[in-house]
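Visitor: Pasting a structure here, questions to come.
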Amino acid sequence: MIKKISDAFILETDHTSYIFRVMKSGHLEHLYYGRKITVKTREDIDCLLEKRAFAPGNSTVYSGKYKELSLEDCLLEMSSLGKGDTREPFIELRHMDGSTTCDLTCVAYAMEKGKKAFKELPGSFGNENEVETLDILLRDKNYGIELHLLYYVYDKCDVITRAAKLENKSDDKIYLDRLLSLQLDLDTSNMMLTTFTGAWAREMKKNTIPVLSGKYVNESNTGASSNQANPFCMLSRPGTNEDFGEVYGFNLIYSGNHYECLEVSSQQKLRFLTGINPRGFSFEILPGEDFEAPETVMTYSDKGFNGMSQNMHSFVREHIVRGAWAKKPRPIILNSWEAAYFDINEKKLLKLAKAGKDVGIELFVMDDGWFGERNDDTSSLGDWYPNKDKLPEGLKGLCDKVNELGLSFGIWVEPEMVNEKSNLYKEHPDWALRNLNTPHSEGRNQMVLDLTKEEVQDYVIESMTKVFGSANIEYVKWDYNRNFSDVFSTSLPSERQGEVYHRYMLGLYRCLRVLMKRFPDILFEGCASGGNRFDLGMLCFFPQIWASDNTDAICRAEIQTGLSYGYPISVISSHVSGAPNHQTLRTTPMNTRYAVASFGVLGYELNLSDSPAEELKEIETQIAAYKEWRDTYFFGSFYRGRSFTDPHNLGAFGTVLAAENENITEWTVVSPDKKQAVGMILQKLAIPNTRYQYFKARGLKPEARYHFTNIPMKHNIKAFGDLVNTASPVHIKQNSVAHNMLARFYKMDGETEDYAAFGDTLMNGGVKLSQGFAGTGYDDRVRFFPDFASRLYYIEEMV
C-alpha cells in the first residue's frame, strides 16, 4: 500500500514500512525502512524527522534560504554532485557547458495500481492486486533535466523495488556518467555487509564484514553479472543468524556490469547504492531522449537470514520467473557433457539416452559439439548447422529417435559468441566485439558478437529460430563462456564507446524477448561457464540457471547455500555427476551427490552407458524418490540450518572440532501446505569419536504431528576395510576374489530413523540421530557417516 500524508510518502507491505518526505527545499529525505510501524497522521512521524538548527562545521550549506541544511549530513532518497553532498552519488552527468552540478528537487508525483513494463529492460511484473507504483518526479530547473524515481510495492512478498528514468528536456545533449537504481541511507553505521564472490567453479562464497568507516565496493566489470561478485547482497545487524535478527536484502534485475557500494560518512551515517557499474559507462542523451536504469529489489526481515530469503524466494517465483514453465515442475535431465564432451555421434548419444530412459530420466540433452566442425573449443561458434558426420540425419533425425525412446530432447547453444575459425567470422569479421586495427585478447578461443548492432541481433534471432524450429526441441541450454575484453564496437563513434556494455545487454534482452515469444513452450536454461551470469535479469527469460560447472557435491553444497540466500532452489539447476569428480577429482558417495542435487532442479551428467548395474539401480531408486517428492522440492519453502564454510577458511583440524557448524550443512524444504518436508544433513569430514548428531527441521506447523523417517541404506563392506575380519570367521584379504564376491552379495544394514513428533519438537528439540560410527562397534543401530556422508529425511504430517 502507498499512502501520502502531507509531505510524507508511506510505502507499506504486510510486515514492513518505508517512509520518506519532501523537505521544504524539495529534496527527498529518507526517514525509515524496517519492521512495519503505525502511521495514521502526519504527527505520527514527527519523531522520525532529523532535527536541524545549524549546519555542521566545515560543511556546505545548500542555499542561503536553507542555512541549516547541509546535504552531506542528510538521509536522502537520491544524491548528486555539486550541492554539498560529498558522499557517493546516485547520479553523475556532464552538461554541454562543462558543469557536473545536478540539483534535482521534487516537483510532482503519481500513484497507480499495477506496474508498467520498461521499454527495453526486463523487470518484475504483477497485476493491479499485487503491486502499486509510486512515481516521484524531480527536476533540475537550471538545466531542464528530469529524473523519475520509481517505487513498486509488492505487499505479500514484503518487497519494494526501485528504478530510475532520466529525461533530457533541455535543448542540449548531456553525457550521463552514472545513474544507479537504488540509494538507501540509514542513520546507523552498525551494520554487517554480506557479499557473494568467487570465480569459475567456486561461485557464491559468502563473505561478511563490518563496515565501520570508509567505503566498500562489490562490483563486476566483466560484461556480465559475473561469478566474481554476484549482484545480490545483504545488510544485517551484528549477531544476526539464520532465524533471528534484522536483515536487508538487495538484488539487481540486470545481467551486465553492476556496482554495489556501502559507505559510512563522517557523521556515521550509512549509504548503500546499487545499479549499473559507472566504471566504463557513459551515455549520450540527446534532447527529448531518456535513459532507464534497471530495477532493484529490496526487502527487510526481522526474522534473520531465513526470513529475508523467504521474501526474496517468494518474489522471484511470483514476480520474476514467467512463462509456461514458471509454475511447472521441471523434467529430470540427462546431459551428455561430462559423459562424452565433444566426442559425440548419434550412436553414442542414443546409447546414453537409452540408459537414461531405463533409470527414469525424462529429458535427454545433447551438449556442445553437434554443429559446424566443432570437435573442440577452437572452432565453429556461429555456424549453427548440424555436423553431418556426427548427426547424419541432422537434429530432427536424432530428436525423433530420442522421442521414440519416450524422452524429450534438448540441445546446447552459445549464440552470443563466434570463433575466428568459423564461416560466420570469415563473412562478418566486423560482427565481433573488437577493434579490427589492434590485436584482440580471446577467452576460450572465442570472441563476443557485437550485440549493439541490430543486424547481429537479427542474425542471432534468425539462426536460433532455424535451430529451435528444426526439430521437436523442448529444452535449450543457452551458454556464455567468456568475459569481455578489448571492448569496442564499430557501430559507435569514439566518444560513445562508453555505451557498449549497456547497449550489448539491451541487444541481448531484445534477442531473448523475441525468441521467448516465438518459442514459449521450450524450457530454457541459462548458463555462463556455470554461474557467471546468475542474476534476476536472466531469470526474467530463463526459468532456471546452471549454478556452476563444478558438480562436486561438497563444493555444490557451498555454492547452492550461497545462492539460496537470494534465489529459490526452483531456479537452481544441479546435476549428479560421476566420481572421481571431473573438477576436483574428489570421490563422494552417490547418495550424497543425489542429496545435494535434489535440492535444486535435478539432473544427471555422467556416462550411464558405462555405469555398473549396482549404480544404475541406485540412480533408478533416487529418481523414483525424487518424482514422488518433486512438488515439495519445487514449490516448497527452503530453509538453511547449519552450513559449512569454504575449505580454505576451515583452518586446522582442531578448528573443525571447535566449530561444529563449519562441518555440517543442514537444509529443509517444506511444501506450501506444510504437510510434507524433506531434510538433508551433510558432513564434510568425519571427526574421531563423534557419535552424537542431530537434525533440526524448519518451517513446519508447530501444532501438527509428523512422521519422521529415512530410507534405510545398505553399505558396501569394502568401506569398512580390514575391519571386516573382526566379524568374519575366516580371514578375508583386501581386494581379493573372496572379498569382491562377498561385497557383491552381502551388504551391511544401515540405521533406521522412525519417529512421530509434533512440528515444534522437530524444529526446536530436533531429532537425536542414531549414534555415528566411532570405532567401537557397528550394527544396524549405528550411523555409518564417513567423510562426505549425507542423509535425507522425509517428514509427513500424520492424519
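Visitor: Sorted from largest down, give the three principal axis spans of the alpha carbons of region 20-134, whole angstrom values.
Guide: Cα extents, longest axis first: 49, 43, 23 Å.
Visitor: Ignoring solvent entirely, what values of log10 I(q)/I(0) come out of the Debye formula for region 499-572 at 0.12, 0.17 Å⁻¹ when each Cα is a single scatterer?
Guide: After summing over all Cα pairs, the log10 values are -0.38, -0.71.
Visitor: Now for a different question. What does region 692-799 give for Rg and for Dmax, in Å, if only its C-alpha atoms count?
Guide: Values for region 692-799 (Cα only, Rg and Dmax): 17.5, 55 Å.
Visitor: Which log10 I(q)/I(0) values, to two decimals, does region 371-436 give at q = 0.25 Å⁻¹ under the Debye formula with one point per Cα?
Guide: One equal scatterer on each Cα of region 371-436 leads to -1.06.
Visitor: Would you calculate the convex hull of the Cα atoms in region 580-629 and tell me its volume per residue in Å³?
Guide: Details: hull volume 4.4 nm³, N = 50.
Convex hull of Cα atoms, per residue: 87 Å³.
Visitor: I would also like to ask the following. Give me the distance between the Cα centres of region 551-589 and region 406-457, rounded to whole Å.
Guide: 29
Visitor: Compute the Kirkwood hydrodynamic radius of region 229-352, taking the inverse of the mean of 1/r over all pairs of distinct Cα atoms, and give it in Å to one decimal.
Guide: Numbers: mean 1/r = 0.0531 Å⁻¹.
After inverting the pairwise mean of 1/r, the radius is 18.9 Å.
Visitor: For TYR385 and ASP760 in one chain, what is 0.36 nm times their gap in residues minus the Cα-Cα distance, to one decimal in nm?
Guide: On the way: separation 375, 0.36 × 375 = 135.00 nm, distance 5.84 nm.
Taking 0.36 nm per residue and subtracting the Cα distance, the gain is 129.2 nm.
Visitor: Next up: Long-range amide H contacts for THR16: which residues qualify at under 5 Å (H placed 1.01 Å from N, peptide plane, sequence gap of 5 or more or a different chain)?
Guide: Long-range HN contacts for THR16: LYS36.
Visitor: Relative to a virtual label point 7 Å from the Cα of ASP430 in the Cα→beta-carbon direction, which members of region 487-502 show backbone nitrogen distances below 13 Å?
Guide: 489-493
Visitor: Amide H to amide H under 5 Å from GLU525: which residues, 5+ apart in sequence or cross-chain, H placed 1.01 Å off N in plane?
Guide: VAL476, LYS477, TRP478
Visitor: So what J values fall out for region 254-262 if you push phi through Karplus, 6.51 cos²θ - 1.76 cosθ + 1.60 with θ = phi - 60°, rounded to Hz, Gly and Pro as x?
Guide: Running phi through 6.51 cos²θ - 1.76 cosθ + 1.60 with θ = phi - 60° gives 6, 10, x, 4, 10, 8, 10, 10, 10 Hz.
Visitor: Something else about it: For region 287-341, with only Lys/Arg (+1) and Asp/Glu (-1) charged at the beta-carbon, what is the dipole magnitude about the Cα centre, in debye rounded to 20? Can you show the working numbers first?
Guide: On the way: 6 positive and 7 negative charges, 114 e Å.
Roughly 540 debye for region 287-341.
Visitor: Follow-up. Taking the highest mean first, how do the peptides 136-142, 307-313 order by number of other beta carbon atoms within 10 angstrom per residue? Kindly include the intermediate steps, with their values, before the conclusion.
Guide: On the way: 136-142: 17.9, 307-313: 24.6.
Order by mean packing, descending: 307-313, 136-142.
Visitor: Something else now. May I ask you to order 691-699, 220-228, 77-85 by the average number of other C-beta atoms within 10 Å around their residues, highest value first?
Guide: On the way: 691-699: 18.1, 220-228: 24.4, 77-85: 21.7.
The packing order, highest mean first, is 220-228, 77-85, 691-699.
Visitor: A follow-up question, please. Using alpha-carbon pairs under 8 Å, 6+ residues apart, how would you state the relative contact order of region 386-517 in percent? Intermediate results must be reported in sequence, preceding the final value.
Guide: On the way: 159 pairs, mean separation 41.9, N = 132.
Reported relative contact order: 32 percent.
Visitor: What ranking do 279-288, 44-53, 355-364 get when scored by the average of other Cβ atoms within 10 Å per residue, highest first? Before the final figure, lay out the partial values.
Guide: On the way: 279-288: 15.9, 44-53: 12.2, 355-364: 20.7.
Going from most to least packed, we get 355-364, 279-288, 44-53.
Visitor: Also, I was wondering about something else. Which cross-chain or sequence-distant (5 or more) residues have an amide H under 5 Å from the amide H of LEU76, H modelled 1.01 Å from N in plane?
Guide: Amide H neighbours of LEU76, under 5 Å, 5+ apart: HIS30, ASP185.
Visitor: If you don't mind, another one. Measuring from the lowest to the highest alpha carbon on each principal axis, how far does region 448-580 reach, largest first, in angstroms?
Guide: Ordered largest first, region 448-580 gives principal extents of 50, 37, 28 Å.
Visitor: Moving on. Could you list log10 I(q)/I(0) for region 345-496 at q = 0.21 Å⁻¹, which the Debye formula gives when each Cα is one point scatterer?
Guide: -1.28
Visitor: So for region 428-520, what percent of the C-alpha to C-alpha distances run longer than 15 Å?
Guide: Numbers: 2697 of 4278 pairs.
Here the long-distance tail beyond 15 Å is 63 percent of all Cα pairs in region 428-520.
Visitor: Quick one: pull the percentage of alpha-carbon pairs in region 138-209 with a separation above 17 Å.
Guide: Working: 1745 of 2556 pairs.
It works out to 68 percent of all Cα pairs.
Visitor: Per residue, how much space in cubic angstrom lies within the convex hull of the C-alpha atoms of region 330-413?
Guide: Working: hull volume 7.1 nm³, N = 84.
Per residue, the Cα convex hull of region 330-413 comes to 84 Å³.
Visitor: A follow-up question, please. Counting helices only, and only those DSSP H runs with n ≥ 4, report the 222 nm mean residue ellipticity of the chain as the sum of -39,500 (n - 2.57) divided by its residues, in deg cm²/dmol to the nearest 500.
Guide: When only DSSP H runs of four or more count, the value is -5500 deg cm²/dmol.
Visitor: Still on this model: I'd like to know how region 78-134 sits against the 2.2 N^0.38 Å rule of thumb: what's its Cα Rg over that expected value?
Guide: Details: Rg = 16.4 Å, N = 57, 2.2 N^0.38 = 10.2 Å.
Normalised by 2.2 N^0.38 Å, the Cα Rg of region 78-134 equals 1.60.
Visitor: Further, regarding this structure: Of all the C-alpha pairs in region 62-213, what % are more than 18 Å from each other?
Guide: Result for the distance tail: 68 percent.
Visitor: Hey, another quick one. Among LYS205/LYS684; LYS24/LYS141; LYS4/LYS113; LYS40/LYS269; LYS4/LYS40, which pairs are too far apart, with a Cα-Cα distance over 21 Å? Provide the component values of the computation, followed by the final result.
Guide: On the way: LYS205/LYS684 16 Å; LYS24/LYS141 16 Å; LYS4/LYS113 15 Å; LYS40/LYS269 28 Å; LYS4/LYS40 10 Å.
Beyond 21 Å: LYS40/LYS269.
Visitor: Can you give me the Rg/Rh ratio for region 422-479, using Cα atoms for both radii and the Kirkwood formula for Rh? Don't skip to the answer; put the middle values down first.
Guide: Details: Rg = 13.6 Å, Rh = 13.2 Å.
Dividing the radius of gyration by the Kirkwood radius yields 1.03.
Visitor: Using each residue's phi in region 429-436, evaluate 6.51 cos²θ - 1.76 cosθ + 1.60 at θ = phi - 60° and report the 3J(HN,Hα) Karplus result to the nearest Hz, with x for Gly and Pro.
Guide: x, 6, 7, 7, 7, 6, 8, 5
Visitor: What FRET efficiency comes out for the pair GLU120/ASP358, r = Cβ-Cβ distance, R0 = 41 Å, nearest 0.05?
Guide: Values: r = 47 Å, r/R0 = 1.15.
Efficiency, from the Cβ-Cβ distance: 0.30.
Visitor: In whole angstrom, how far apart do the alpha carbon centroids of region 23-43 and region 71-85 sit?
Guide: 17
Computed from the coordinates by the stated procedures, all read-outs in this text should not be read as laboratory data. What you see is a predicted model; the values in this text were computed from it and never measured. Backbone-built Cβ (ideal geometry, glycine too); neighbour counts: all protein chains shown.
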